[in-house]
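These notes are about the structure you will find just below.
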Amino acid sequence: MALARPGARRGAASDLLVVGLANPGSTYSGTRHNIGADAVRVLVSRLNGSFSIEKRQRAESATVTTALGRITFAIPTTYMNESGAALPPLCDRFSITDASKIVVVHDELDLEPGRRQLKFAGGLAGHNGLRSIAGVLSTQDFWRLRLGVGKPPTKEQGADWVLKKLTGAARENLLIDIESGADALERVVTVGCATAQPTINAAS
């Protein structure tokens, strides 16, 4: 499936595009909904990478080289439900022509905190960020690294559960889960999705 558009401005091709999902701004910093982007930031720091912003990409991006090859990490600067807007310019810029070379890192209500699951394709589980990306790519055939945040006590508390800033023990537990997510992602960008998948999923 051709994702990069003919005639688009391109740089050196990346072997994998990793997209961490979050809402922008200090209001949403330290929330469960941002765990995907937070895990990406932790790993990029470990790899001594640094993010830069190019407005036309509608994302921050950092490119590093691992044993797997040239990896581009990106965090859309849009709100979560518009995450897909960043994908076309990112795919153009880094010559990503196959959706299977994309890994989206996101929060997952259907997994308990601390659990991680790497999966390819499948449903979107009501996640607005995934829905936006799938809509723009016209396919659901991309990888997802799902980082568990658990379900709220009641359905009515769903928005607060993912969007409320955490403090105290809840904040400390989230930081541990972010590091755990970065660990899983580090394996992905070292050995590849297919090889990493059984180990990541078995460890959860």
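The values are calculated or read from the model by the stated rules, or taken from the named source; none is laboratory data. A quick note: this is a predicted structure, and the numbers were derived from the prediction, not measured. With ideal geometry, Cβ positions are generated from the backbone for all residues, glycine too; neighbour counts draw on all protein chains shown.
Mind telling me which of the residues Arg93, Arg56, Arg116, Arg146 ends up being surrounded by fewer than 16 Cβ atoms within 10 Å (Cβ to Cβ) and among the charged types (D, E, K, R)? Just one listed residue meets the conditions, Arg56. Among the residues of the range 159-169, write down those that are assigned to a helix (DSSP H, G or I) and surrounded by 14 or more Cβ atoms within 10 Å (Cβ to Cβ). Hits for the range 159-169 are Trp161, Val162, Leu163.
Within the range 135-180, the set of residues being more than 19 Å from Gly36 (Cα to Cα) and not charged (D, E, K, R) comprises Gly135, Val136, Leu137, Ser138, Thr139, Pro153, Thr154, Gln157, Gly168, Ala169. Among the residues of the range 11-31, those that are buried (at least 24 other Cβ atoms within 10 Å of the Cβ) and not in a loop (DSSP other than H, G, I, E, B) comprise Leu17, Val18, Val19, Gly20.
Answer yes if at least one residue in the range 121-133 is over 18 Å from Arg32 (Cα atoms), modelled with pLDDT of 95 or more and touching a Gly at 6+ places or on another chain (Cβ under 7 Å), and no otherwise. Yes, some residue in the range 121-133 is over 18 Å from Arg32 (Cα atoms), modelled with pLDDT of 95 or more and touching a Gly at 6+ places or on another chain (Cβ under 7 Å).
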